[in-house]
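One structure below.
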Ligand code: F0G
């Protein structure tokens with residue numbers, strides 16, 4: 001019997017930064033790549049969903065946290081800190097606990113999804129709500145890490161990007177080659193940076209014994225920001241980012257330049273999607289594909305649908321959309337119908353006939 005060993009052990013030959021470090025893992029990675037038949041038909045392409053919600057804490061952050069916390073442990077760190085819109089804090093708290101470290105998290109004023117907050121608290125992190133937005137939190141976290149004995153585990157920590165690049169390896173391993181297009185939500189822009197690095201590294205140093213053969217090409221990277229938090233699209237920072245997709249409510253991404261490089265080097269695009277398009281895609285994924293994601297995650301699919309409407313999807317192209325976080329992180333959005341009213345369960349008595357009627361099985 002063999003179980004997936006986590007990204008550090010599975011890809012140790014491709015993670016030189018981790019050499020000699022202790023391995024702190026919750027067996028992250030190894031997430032499914034799901035063929036989305038209905039979405040494929042709708043956009044006239046072959047679409048797959050990289051379902052990152054199935055990581056141990058429910059988001060892709062775990063790939064970068066196993067590496068960041070392992071490197072920190074190798075340096076003898078006792079404490080870590082991060083700024084977060086929620087998922088990074090949940091992941092940092094879990095991996096810090098696993099490593100026996102303390103964890104401080106700085107979250108912005110305003111909405112953080114309840115599932116994410118509960119995780120950080122459950123894992124014993126010290127939670128500070130900062131009078132400011134995510135970008136202010138990151139500035140503060142950087143200052144603390146410079147002045148005090150605490151490791152910064154945001155994606156400005158190079159070990160984070162190293163871990164997250166493994167998702168691109170898994171896509172190539174599953175498809176036998178890179179896709180034509182890779183769609184991602186963009187917030188702080190670490191993940192688009194990481195995927196692009198992963199694809200390039202796999203091409204430069206192919207897996208020659210892979211069953212399907214080595215990668216022969218690179219995808220076009222398509223990144224999507226929320227319209228109210230779209231600094232890269234606008235070309236300038238956004239002081240007061242706003243979107244219901246709280247995960248990507250970021251006005252001045254730390255990896256801005258790297259995201260632009262990924263876009264330009266890959267012949268890709270970075271565009272904006274509205275909250276309405278995000279919620280439509282969110283609903284479509286759960287109701288048509290059986291895949292429940294948090295709203296921020298649905299930005300990749302919202303972007304694909306908008307691109308299709310604009311005639312930008314090459315017919316028959318092979319496309320991967322990363323859906324970055326689990327729907328249970330922020331479940332409130334599922335309890336609302338498309339017209340904005342609350343979903344209320346039908347009430348029935350303990351009676352087969354009335355239950356069957358309510359289910360539409362009778363008459
Ligand atoms: N999707 C989800 C679910 C996220 O939590 C994030 C980022 C992103 C997409 C964007 O990824 O920042 O690499 O461009 N969440 C961070 C956090 C900022 O604090 O959890 P990115």
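The table below lists the values:
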| read-out | value |
| --- | --- |
| Shape category assigned to region 1-96 from the gyration tensor of Cα positions, a/c cut at 1.5 | prolate |
| Region 61-159: relative contact order as a whole-number percent, Cα under 8 Å and 6+ apart | 35 |
| Stretch gain in nm, segment residue 242-residue 27, where the contour uses 0.36 nm per residue and the Cα spacing is subtracted | 74.0 nm |
| Cα gyration tensor shape for region 61-159, rounded if a/c is under 1.5, else prolate or oblate | oblate |
| Contact order relative to length of the chain, as percent, for alpha carbon pairs under 8 angstrom and 6 or more apart | 18 |
| Calculated [θ] (222 nm, deg cm²/dmol) that DSSP helices of n ≥ 4 give over the chain, each run adding -39,500 (n - 2.57) | -11000 deg cm²/dmol |
| More than 26 Å apart - percent of Cα-Cα pairs taken over the chain | 49 |
| Stretchable slack from residue 12 to residue 343, in nm (0.36 nm times residue separation minus alpha-carbon distance) | 114.5 nm |
| Gained length - residue 265 relative to residue 175, 0.36 nm times residue gap less alpha-carbon distance | 30.2 nm |
| Packing rank of 234-241, 97-104, where each peptide gets the mean count of other beta carbons within 10 Å, highest leading | 97-104, 234-241 |
| Residue 201 paired with residue 127, simple spin-label distance in nm, labels 7 Å along Cα-to-beta-carbon | 3.3 |
| Label-point separation in nm, residue 42 to residue 350, each point 7 Å along Cα→Cβ | 4.1 |
| Gyration tensor verdict on region 292-363 (Cα atoms; rounded if a/c is under 1.5, prolate if a/b is larger than b/c, oblate otherwise) | prolate |
| Share, in percent, of DSSP beta bridges within region 99-233 that are antiparallel, nearest 5 | 0 |
| Mean Cβ neighbour count within 10 Å, used as a protection proxy, ranking 128-136, 335-343 highest first | 128-136, 335-343 |
| Ranked packing of 320-333, 17-30, 70-83, most packed first, by mean Cβ within 10 Å | 320-333, 70-83, 17-30 |
| Förster radius 30 Å - calculated FRET efficiency between residue 362 and residue 287 (Cβ-Cβ, nearest 0.05) | 0.80 |
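Every number in this text was worked out from the coordinates using simple rules, so none of it is lab data. As the structure is a prediction and not an experimental result, all values here were calculated from the model. Positions of Cβ are backbone-derived with ideal geometry, glycine not excepted, and every protein chain shown enters the neighbour counts.
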